[in-house]
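Please read the structure below before turning to the comments.
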Amino acid sequence: MTMNTSTVPSAAIAEFTPAAKLRAAINYGNAVLAKHHPDTGEVTGVSVDLARELARRLGVELELLPVDAANKSVEAVKNQQVDIAFFAIDPLRAADTEFTAAYVMIEGTYVVPQSSPIQRNEEVDRSGIRIAVAAKSAYDLFLTRNIKNATLVRTVTSGGVTDMFLEQKLEVSAGVKQQLELDMQRLPGLRMLPGRFMEINQAMGMTKGKPAAIAYLRSFVEEMKASGFVAEALKRHGVEGVSVAPPAVR
């Protein structure tokens, strides 16, 4: 059954829209979720479609804040510049943010130079290996907890990771599989290691202390998955190799 504005609790609408509109951070640094069109400044993608549908149901105007890195979305939520954002679930971020369950699952992978002796993910965490990552991204937070011997070298944006990796002649670049595949198309001489080093659960999130709004947002995400909205959006935007997340465990 499709929900409309009459079924959204008034308390939820009030918590979602302290600025009388829905403000959403859109991270186009993650090629799976959004793309930025530099000629027009427009952002499009699965996360934009979800934000538009939520605003429609709330009966309010949508205002998008495009950012080029996940940590900027996190800060925008934390500083209450936006009402909702789209990023990976991570324990560190949960200190300030309420998450829905995941709506898509994507893979974190490694890229190395063609000539690298490294053949498997398990060979990356060794002394002397330097891994390029986007600062405070989901995979940076994950690797910070799990890498014991290699060294993480951080840059500001996901889109700049592989460029830094090449400029500084690092051994490994880490990131979202689709972003690294785009990098490999424009930067020859690279090789992706088989498999993945992590699964990234992408969710919607908002600041804490808004119980009615987060309850509605969680049910909204579940409906968007179950109805086929997320799958159709992935197809419409040409996103491949990404899974719609399973229903939340209740």
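The values are calculated or read from the model by the stated rules, or taken from the named source; none is laboratory data. Bear in mind the structure is a predicted one, so any value in this text is a computation, not a measurement. Counting neighbours? That spans all protein chains shown, and the Cβs are built from the backbone with ideal geometry, glycine included.
So which strands (runs of 3 or more DSSP E) are wholly in the stretch 149-250 and hold at least 2 residues that are modelled with pLDDT under 95 and surrounded by 19 or more Cβ atoms within 10 Å (Cβ to Cβ)? Walk me through how you get there before you give the answer.
On the way: elements: 151-155, 172-176, 190-192, 198-207.
Fully inside the stretch 149-250 and qualifying: 172-176, 198-207.
Only one of ALA85, ALA76, ALA102, ALA132 is touching a Gly at 6+ places or on another chain (Cβ under 7 Å), closer than 27 Å to GLY205 by Cα and surrounded by 15 or more Cβ atoms within 10 Å (Cβ to Cβ); which?
Numbers: ALA76 fails: touching a Gly at 6+ places or on another chain (Cβ under 7 Å); ALA102 fails: touching a Gly at 6+ places or on another chain (Cβ under 7 Å); ALA132 fails: touching a Gly at 6+ places or on another chain (Cβ under 7 Å).
Going through ALA85, ALA76, ALA102, ALA132 in turn, just one is touching a Gly at 6+ places or on another chain (Cβ under 7 Å), closer than 27 Å to GLY205 by Cα and surrounded by 15 or more Cβ atoms within 10 Å (Cβ to Cβ): ALA85.
Between a first residue in the stretch 72-90 that is at negative phi and a second residue that is of a type in the set (Gly, Ala, Ser) and surrounded by fewer than 17 Cβ atoms within 10 Å (Cβ to Cβ), which pairs have beta carbons less than 9 Å apart while being 6 or more apart in sequence or on different chains?
These pairs meet every condition: ASP83/ALA19.
Tell me which residues, restricted to the stretch 56-72, are small (Gly, Ala, Ser) and under 18 Å from ASN27 (Cβ atoms).
Applying the first criterion (small (Gly, Ala, Ser)) to the stretch 56-72 yields 59, 69-70.
Matches in the stretch 56-72: ALA69, ALA70.
Would the stretch 185-197 turn up any residue that is touching a Lys or Arg at 6+ places or on another chain (Cβ under 6 Å) and among the charged types (D, E, K, R)? Walk me through it before giving the result.
Taking the stretch 185-197 first, the residues touching a Lys or Arg at 6+ places or on another chain (Cβ under 6 Å) are none.
No - not one qualifying residue is present in the stretch 185-197.
What's the total number of residues in the stretch 43-70 that are over 19 Å from ARG218 (Cα atoms), surrounded by fewer than 22 Cβ atoms within 10 Å (Cβ to Cβ) and under 18 Å from the mean Cα position of the chain (by Cα)?
6
In this structure, does ILE118 turn out to be modelled with pLDDT of 95 or more, outside the structural domain of PRO91 (by TED's automatic domain parsing) and in contact with a Leu (Cβ under 6 Å, 6 or more places away or on another chain)?
Details: modelled with pLDDT of 95 or more: yes; outside the structural domain of PRO91 (by TED's automatic domain parsing): yes; in contact with a Leu (Cβ under 6 Å, 6 or more places away or on another chain): no.
So ILE118 fails the test.
Which condition breaks for GLN80 when tested against (1) of a type in the set (S, T, N, Q); (2) at pLDDT 95 or above; (3) part of a loop (DSSP other than H, G, I, E, B)?
GLN80 satisfies every listed condition except (2).
I need a count of the residues in the stretch 225-238 that are closer than 13 Å to LEU50 by Cβ and within 17 Å of the chain's Cα centre (by Cα).
Residues that pass the stated criteria total 6.
Listed residues SER116, SER127, SER73; which is in a helix (DSSP H, G or I) and of a type in the set (Ser, Thr, Tyr)? Outline the logic, then answer.
Working: SER116 fails: in a helix (DSSP H, G or I); SER127 fails: in a helix (DSSP H, G or I).
Matching residue, one of SER116, SER127, SER73: SER73.
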